[in-house]
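To start, the structure itself, in structure tokens.
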Amino acid sequence: MNDDTIALRAEGLYKVFGRHADEAVIALHRGTPRDRLGSGTTAAVIDASFDVRRGEIFVVMGLSGSGKSTLIRMLNGLHNATAGTVEIGGEHITGIPAKRLREIRRARISMVFQHFALLPHRTVLDNVAYGLEIQGVAKAEREAKARKVTRIVGLAGWEERLPSQLSGGMQQRVGLARALAADTDVLLMDEAFSALDPLIRREMQDQLLELQAELGKTIVFITHDLNEAMYLGDRIAVMRDGRIVQIGAPEDILTNPADDYVEQFVQDVDRTKVLTAESVMRKPRAVVHVGAGPRAALTLMRDEQLAGAYVVTKDRSIVGWVRDRDVFELVRRGDKDLASVIRSDHGAVATDTALAELFIPSLEAALPLGVLDTRDRLVGVIPRVTLLAALGGEPEAAVQAAPRPDPLPTEVVDRVLEAAVGTGAAGAKEAL
Amino acid sequence: MDVRIPVGSWIESGIDWIGDNLTWLLDLLGTVWTSLYDAVEWVVITPPAIAVIVVLAALALVARGWKFALGTALGLAFIIGVDQWDNAMSTLALVLVAAGLALVVGIPLGIWAARDTRVSATVKPLMDFLQTMPAFVYLIPAIAFFGIGVAPAMFATILFAIAPAVRLTELGIRGVDREVVEAGQAFGATPGRILRQIQLPLALPSIMAGVNQVIMLSLSMVVIAGMVGAGGLGGDVTKSLSALDTALGFEAGLSVVILAIILDRFTGAFGQKRGLHLVTRLRSAAASRASSPAAETEKVPA
Ligand SMILES: Nc1ncnc2c1ncn2[C@@H]1O[C@H](COP(=O)(O)OP(=O)(O)OP(=O)(O)O)[C@@H](O)[C@H]1O
Ligand SMILES: [Mg+2]
């Protein structure tokens, strides 16, 4: 991978608190379990390596005490790493002089804290301007900039208040504004929304995503809330007892948990919001080409036991769908063109539609719900059973589950086909 | 029992050694302290009493409001009434100088201790020792070093009163929310800047509580220091003790009480988070004036 695309890189990071830290790292490296290090020695982070790409929201998730805060505090040097390296924008921040570290913090990386950590004796505006003040920006300029950012986070009119006069959600907006105003590439957020109540929290999450889309910051976001992780994360690292046990896209983590721990962890997640149409769709069993005649279409539907089929062009772009009964009529009348019975209300959805948004279309669609890629090509279908199976937390079952077709009885179809060609059918199939 | 630990004689010889070998330092300290005291005493004793009362009452008004101002004026008038004014002003000067010196040394020491656990570990037992040692005991080396007068009183008072300055400064700084300090670090502030802009302002209530205690301890000590010839109210208390003069003793004693209350309320006012009474009121008035138009139109504050 090109190094320009990496905003932040951690390699072999260890943090051991207490006595004999260096020996503990060697022992851990040799495979000594974490709980056998002896009392007074806590390995908070063990051998953590990952890259965070520019513009990515990288979520670190894990239970309380799994080492998330320790990890994020090593990324800006608030904790010295016991071993391993951290690079920000290609520059090492581990083992450098304090002065250089301060310069990097000013220019490259800022932080939003769980409990806001605002300066209680300063106004909202002065808090937002704090990072700029330390960067040495002149007063007028930094206040203008702080005012702008304060407005962006929706706090216009509150500039002269003290933090204690604000609600929790507003205080965290100040925290966010302070980090944004500093205008660094990388933003660290340690359980930044955990102290907020659920409604405000969702609002802040949306706002963060909006800002992210606009400003394209690189964000390392810590949370112990899986739904939050799934909602925000481009990629998620799951931590357990100091180790990163899995790194992957939200869907990966959900559908292919690396171990029992991750699997248990993801049990409670609201799958319908995370999984997308793409992750549960199956191959379309039968599609009819626009150019194919009614006979070919009807034969296909009979063979596949389908009550209808999607109609596509040569490059699989969707045209619409046909019902077996309509095609049956065409064949009986000896019509040679499908076009008259193609319906355009196929109701197909895009690949990245969340499961939660598939229910209504799925109920409305006569056929298994079609899934289209960005170029309107039919890439899959989702039968209702598949959708239900996916909700049960078993993507495997979802993929295997068979649809329940309600096609025309085979012998009826056979009779018509026979009559149309005047030859005997290969053999009558049993009707369902 | 034959075994006896001769701690006393060790300390005695140590003190003797200091007296013999560090004469220049003791002389220097004695001179500095005495001249500081003389200067402050001159300021409070030269003007007519009524002028001093007016000034102090005005300060009291600024600090806490008119009730305190009235109380201050009445209390000081009482001191004039029992003919202890000059003594009270001498004592006030001694307290201010001794407490001031204790703070000048104690607060930085407290800051240092807050930033370095080793310093803290050294300073803590030392402060325990200084504060719990019976106050009279300090008078003995004080006389050995400085003879009779203001300097030995100052020496004993500083030693006795310094502990809360160190301790409450350290406590206050250590008590500052760790995340807020980390916020300073995370944005790249230097340690000095974090101290000035975050730690000291947030530790201020605790530090001011320390200032208050230092002044109170100084006041209790300067009375004892009357025994080494420092004069002031302490001098009269000592005199009444040897002459069994109940009337004089209580008049001087009550004057000490009044001074104590006034000093306590003054420093208490500084210790409160909201700051000085009048200043706060002015500030909130200004804030409400500034914010009401700002709500209608976006306006850069003056
Ligand atoms: N300064 C410290 N000294 C000693 N041990 C520490 C220190 N900080 C953290 N630890 C230990 O390191 C481990 C990881 O702590 P950390 O705070 O990183 O967890 P976390 O994942 O952030 O948990 P939470 O969700 O509760 O914030 C814990 O066992 C904790 O006790
Ligand atoms: Mg944490």
Which residue is nearest to A:H346 (Cα to Cα), if the candidates are limited to segment A:306-322 and must be open to solvent by 40 Å² or more (accessible area, probe 1.4 Å) and in contact (Cβ under 8 Å) with a residue 40 or more places away in the chain? A:R316
Among what's in segment A:1-49 and is among the aliphatic types (A, V, I, L, M) and surrounded by fewer than 14 Cβ atoms within 10 Å (Cβ to Cβ), pick the residue that is nearest to A:T184 (Cα to Cα). A:M1
What is the residue count in segment B:108-142 for residues that are part of a helix (DSSP H, G or I), out of contact with any helix residue (DSSP H, G or I) (no Cβ under 8 Å at 6 or more places or on another chain) and open to solvent by less than 60 Å² (accessible area, probe 1.4 Å)? 1
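Every residue in segment A:175-192 that is open to solvent by 10 Å² or more (accessible area, probe 1.4 Å) and more than 16 Å from ligand 1 (Cβ to nearest atom), please. Outline the logic, then answer.
First, pick out the residues of segment A:175-192 that are open to solvent by 10 Å² or more (accessible area, probe 1.4 Å): A:180, A:183, A:185, A:191.
Of everything in segment A:175-192, those that are open to solvent by 10 Å² or more (accessible area, probe 1.4 Å) and more than 16 Å from ligand 1 (Cβ to nearest atom) turn out to be A:L180, A:D183, A:D185.
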In contact with a Pro (Cβ under 8 Å, 6 or more places away or on another chain), modelled with pLDDT of 90 or more and either closer than 30 Å to A:I134 by Cβ or surrounded by fewer than 20 Cβ atoms within 10 Å (Cβ to Cβ) (or both): does that describe B:V214? no
Residues of segment A:123-132 satisfying the condition of being open to solvent by less than 10 Å² (accessible area, probe 1.4 Å), more than 7 Å from chain B (Cβ to nearest Cβ) and of a type outside the set (A, V, I, L, M, F, W, C): A:N127
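Sort out for me the helices (runs of 4 or more DSSP H) sitting completely within segment B:1-107 that have 3 or more residues that are under 30 Å from B:E251 (Cα atoms). Steps first, answer last, please.
Values: elements: B:7-21, B:23-45, B:49-64, B:66-81.
Hits in segment B:1-107: B:23-45, B:49-64, B:66-81.
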What is the one condition in (1) over 14 Å from the mean Cα position of the chain (by Cα); (2) closer than 23 Å to A:I109 by Cβ that A:Q205 does not satisfy? (1)
Of (1) within 12 Å of another protein chain (Cβ to nearest Cβ); (2) without any contact (Cβ under 8 Å) to a residue 12 or more places away in the chain; (3) acidic (D, E), B:D245 satisfies every one except (1)
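Just checking, which of A:I244, A:I236 is closer than 30 Å to A:T32 by Cβ, crowded, with 22+ Cβ neighbours inside 10 Å and in contact with a helix residue (DSSP H, G or I) (Cβ under 7 Å, 6 or more places away or on another chain)?
Checking each option against the conditions leaves just A:I236.
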Please find, among A:L71, A:L75, the residue that is buried (at least 19 other Cβ atoms within 10 Å of the Cβ), of a type in the set (A, V, I, L, M) and within 14 Å of another protein chain (Cβ to nearest Cβ). A:L75
Just name the residue that is farthest from the other protein chains (Cβ to nearest Cβ) out of those in segment A:101-122 that are within 16 Å of ligand 1 (Cβ to nearest atom) and open to solvent by less than 20 Å² (accessible area, probe 1.4 Å). A:V112
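Please work out which residue is surrounded by the most Cβ atoms within 10 Å (Cβ to Cβ), limiting yourself to segment A:254-305 and to residues that are among the acidic types (D, E) and either part of a helix (DSSP H, G or I) or in the same structural domain as A:G347 (by TED's automatic domain parsing) (or both). Spell out the reasoning first.
Step one: list which residues in segment A:254-305 are among the acidic types (D, E), which gives A:259-260, A:263, A:268, A:270, A:278, A:303-304.
Within this subset, residues satisfying the condition of being either part of a helix (DSSP H, G or I) or in the same structural domain as A:G347 (by TED's automatic domain parsing) (or both) are A:260, A:263, A:278, A:303-304.
On the way: A:D260: 8, A:E263: 14, A:E278: 16, A:D303: 13, A:E304: 12.
Selected residue: A:E278.
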Any chance segment A:154-162 includes a residue that's more than 12 Å from chain B (Cβ to nearest Cβ), under 32 Å from the mean Cα position of the chain (by Cα), farther than 28 Å from A:G65 by Cβ and without any contact (Cβ under 8 Å) to a residue 60 or more places away in the chain? yes
Got a number for residues in segment A:184-201 being in contact with a Lys or Arg (Cβ under 8 Å, 6 or more places away or on another chain) and either away from ligand 2 (no atom under 16 Å from the Cβ) or at the interface with chain B (Cβ under 10 Å from one of its Cβ atoms) (or both)? 5
Considering B:A203, B:A183, which residue is within 14 Å of chain A (Cβ to nearest Cβ), over 20 Å from B:W112 (Cα atoms) and part of a helix (DSSP H, G or I)? B:A183
Test set (1) within 33 Å of the chain's Cα centre (by Cα); (2) surrounded by fewer than 17 Cβ atoms within 10 Å (Cβ to Cβ); (3) more than 10 Å from chain B (Cβ to nearest Cβ) - A:L166 fails condition number: (2)
Restricting to segment A:78-100, name every residue that is open to solvent by 40 Å² or more (accessible area, probe 1.4 Å), under 21 Å from A:M239 (Cβ atoms) and either small (G, A, S) or within 15 Å of ligand 1 (Cβ to nearest atom) (or both). A:N80
Based on what the data block shows, is A:I57 of a type outside the set (S, T, N, Q), open to solvent by less than 30 Å² (accessible area, probe 1.4 Å), within 15 Å of ligand 2 (Cβ to nearest atom) and in contact with an Asp or Glu (Cβ under 7 Å, 6 or more places away or on another chain)? no
Filter pass, A:S64 being near ligand 1 (Cβ under 10 Å from one of its atoms), within 14 Å of chain B (Cβ to nearest Cβ), surrounded by fewer than 23 Cβ atoms within 10 Å (Cβ to Cβ) and not hydrophobic (A, V, I, L, M, F, W, C): no
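The values are calculated or read from the model by the stated rules, or taken from the named source; none is laboratory data. The structure displayed is predicted, hence computed values, not measured ones. Every residue, glycine as well, gets a Cβ built from its backbone with ideal geometry; the counts of neighbours run over all protein chains shown. Remember, those area values only see protein heavy atoms, side chains included, never the ligands or the DNA or RNA. Shrake-Rupley method; radii C 1.70, N 1.55, O 1.52, S 1.80 Å.
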